[in-house]
1. Restricting attention to the stretch 52-77, which residues are in contact with a His (Cβ under 6 Å, 6 or more places away or on another chain) and open to solvent by 20 Å² or more (accessible area, probe 1.4 Å)?
2. Could you count how many residues in the stretch 84-104 are closer than 21 Å to residue 24 by Cα and out of contact with any Gly (no Cβ under 7 Å at 6 or more places or on another chain)?
3. From 41, 16, grab the single residue that is farther than 22 Å from residue 151 by Cβ and not acidic (Asp, Glu).
4. Output the residues belonging to the stretch 86-96 that are among the aliphatic types (A, V, I, L, M) and open to solvent by 20 Å² or more (accessible area, probe 1.4 Å).
5. Residues of the stretch 97-142 being among the aliphatic types (A, V, I, L, M), open to solvent by less than 20 Å² (accessible area, probe 1.4 Å) and over 12 Å from the mean Cα position of the chain (by Cα), which ones?
6. Do any strands (runs of 3 or more DSSP E) lying entirely in the stretch 62-158 carry at least 1 residues that are in contact (Cβ under 8 Å) with a residue 60 or more places away in the chain, and which ones are they?
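The values are calculated or read from the model by the stated rules, or taken from the named source; none is laboratory data. Small disclaimer: the values here were computed from a predicted structure and weren't measured. All Cβ positions, glycine included, derive from the backbone under ideal geometry; neighbour counts span all protein chains shown. Each accessible area value is taken on the protein alone, full model and side chains, heavy atoms only, with ligands, DNA and RNA left out. Shrake-Rupley method; radii C 1.70, N 1.55, O 1.52, S 1.80 Å.
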Amino acid sequence: MSNPFRIRENLRAALQYHAHGYSPFPVGPDKKPLLPWSKYQAEQISEEELRQLWAKWPDAMIGIPTGERYGILVIDCDTPKGYETVQEVIPDSCVMPIARTPRGGWHLWFKYPVGSNITIGSDLMPGVDYRGTGGYVISPPSENGNGGAYRWAEGLAL
């Protein structure tokens with residue numbers, strides 16, 4: 001049975017992402033989009049369409065397109081070793097939003113380097129993937145089908 005609080009929280013969060021200029025779209029518990037989402041890579045979803053989509057899929061996780069259009073590059077660390085390796089190459093003075101994933105991973109959100117043509121890829125380093133143009137990331141407060149949640153790290157929310 002759906003949790004009405006979570007449903008309201010997901011819609012509220014999707015509206016907040018929209019207000020920041022992003023284009024949230026509904027994603028299933030398998031991390032796959034619930035509709036063709038390529039148009040959201042190029043244009044921002046309307047608030048009306050966003051509300052309609054979450055009315056149709058109230059339990060949907062929140063996908064956010066990454067890349068130059070939205071100014072987002074996400075480094076996805078699936079393992080503690082991957083996270084440690086990435087931390088070794090990031091200056092201590094660099095502070096970025098970090099989301100924790102249900103399986104104990106990390107999504108590090110960076111400003112997309114304009115004109116870099118960074119797309120999506122895996123194995124940047126062992127246990128580390130990246131999402132740029134053509135990709136998307138699941139965003140807090142999404143919950144997967146097993147009750148695991150995506151949450152912003154304390155003090156490092158978007």
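1. Of everything in the stretch 52-77, just one residue is in contact with a His (Cβ under 6 Å, 6 or more places away or on another chain) and open to solvent by 20 Å² or more (accessible area, probe 1.4 Å), namely 76.
2. Within the stretch 84-104, residues that are closer than 21 Å to residue 24 by Cα and out of contact with any Gly (no Cβ under 7 Å at 6 or more places or on another chain) number 6.
3. Working: 16 fails: farther than 22 Å from residue 151 by Cβ.
Of 41, 16, the one residue that is farther than 22 Å from residue 151 by Cβ and not acidic (Asp, Glu) is 41.
4. First pass over the stretch 86-96, keeping only residues among the aliphatic types (A, V, I, L, M): 86, 89-90, 95-96.
Of everything in the stretch 86-96, those that are among the aliphatic types (A, V, I, L, M) and open to solvent by 20 Å² or more (accessible area, probe 1.4 Å) turn out to be 89, 90, 95.
5. First, pick out the residues of the stretch 97-142 that are among the aliphatic types (A, V, I, L, M): 98-99, 108, 114, 118, 120, 124-125, 128, 137-138.
Narrowing further to those that are open to solvent by less than 20 Å² (accessible area, probe 1.4 Å): 98-99, 108, 128, 137-138.
The answer is 128, and nothing else.
6. The strands (runs of 3 or more DSSP E) meeting that bar are 72-77, 128-131, 136-139.
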